[in-house]
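What follows is calculated from the coordinates using simple rules that are stated; it is not laboratory data. This is a predicted model, so every value here is computed, not measured.
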Amino acid sequence: MFFERHVQELIENFVPETSDVEELTSTLILGGEFVRNLTIRQLLPPIRDMVSKEDDSSDTTSEDGNGPVMDHLDFGALFKYIPHLEEIHVTYGIRNCGMNFSWDLFQFTKH
């Protein structure tokens, strides 16, 4: 139960291209066999720089070289460290965004 909650928090607070994947990987190497189910309540999008926010007329995707390379956490790479995973629930969204609300928070990819 502890490792399930800890892994859940690491995944929910993971910011693509900003957070350290090695921290999550090392945690799963140590305790991945104790994780039976995961309930992920949010997936954070990559942090965009101010230039891409100001220029909404252009498509800022990784195809142009301007957007983020990683849009979200790659679960496929993590599943090999969780051999006894029986159940996973994933909610694509952001919880408690408060005054920082923007519709862009709910568009994980534009391609």
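Observations on the model:
- Normalising the average separation of contacting C-alpha pairs (under 8 angstrom, six or more residues apart) by the number of residues puts the relative contact order of segment 1-42 at 65 percent.
- Difference of contour (0.36 nm per residue) and Cα-Cα distance, Ile47 to Lys80: 9.2 nm
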